[in-house]
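Bear in mind these aren't lab numbers, they're just calculated from the coordinates by the rules spelled out. Keep in mind the model is a prediction, meaning the values are calculated, not measured. A quick note on method: Cβ atoms are made from the backbone with ideal geometry, for glycine too, and the neighbour counts reach across all protein chains shown.
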Amino acid sequence: MPSRIQGCTIADWQIGAMESIEHSTSPKPAIGQDEREAPESAVHHEGGARGVMGETIEQAGRLSHGAKVKRGQLSAVQQGRYGTGPAPYGYRRGGDGEKPLVVDDREAEVVRIIFREYLNTRSTGKVVSYLHSKGIFTRKGNKWSRQAIAIILSNRTYRGRVSYGDVETQGIHDPIIDPALFYKANALRERRRRGKDSGDRFE
């Protein structure tokens, strides 16, 4: 079936082009030349249209994949399951027959230390210093940062919740931090952000 460009077929376009040539003062095509041959610009036009269409289809495919990922994440959270990506510090990904997140005993104890020391010192910087003084480093063996400590303190996964966007539900994994302790630590962080206490510039 002939390809179409802007509502007409290539054949129609060629016929109109040849009629225009016959009425112009331009030299006639040489004997033996196929007068039905489309001008080179038409070939480029058709190729360009195909290229744009290919890019559009590819973009639509990427958007479709992204939408599927979002639906999958939302569905997981609605079922109380932690979404995709690495497990938060303190957990590992569960295998067959296990919960989506399984508590890693060694890392979980570090998470408890972080909450405890933050409530004692009211400073993420002092928590970092305490961990390093005890030879405790991140999962990858790197030094802790104040930002990393703040991320752990605000992660609701540790109190047994899962979330995606504005949706939050009770997770089916085991919590590491008691909800009351979690709220206490974050209430302190909120007060410090509002300038009601002195200490970390980060918070």
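Key figures
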item	result
Packing-based exposure ordering (other Cβ within 10 Å, fewest first) of Thr157, Thr124, Thr169	Thr169, Thr157, Thr124
Residues Arg146, Arg71 arranged by fewest to most Cβ contacts within 10 Å	Arg71, Arg146
Order of Arg106, Arg93, Arg81 under a 10 Å beta carbon neighbour criterion, fewest first	Arg106, Arg93, Arg81
Over the stretch 91-193, relative contact order from alpha-carbon pairs under 8 Å, at least 6 apart, %	26
Inter-probe distance in nm under a simple model that places probes 7 Å from Cα toward Cβ, at Asn186 and Gln170	1.7
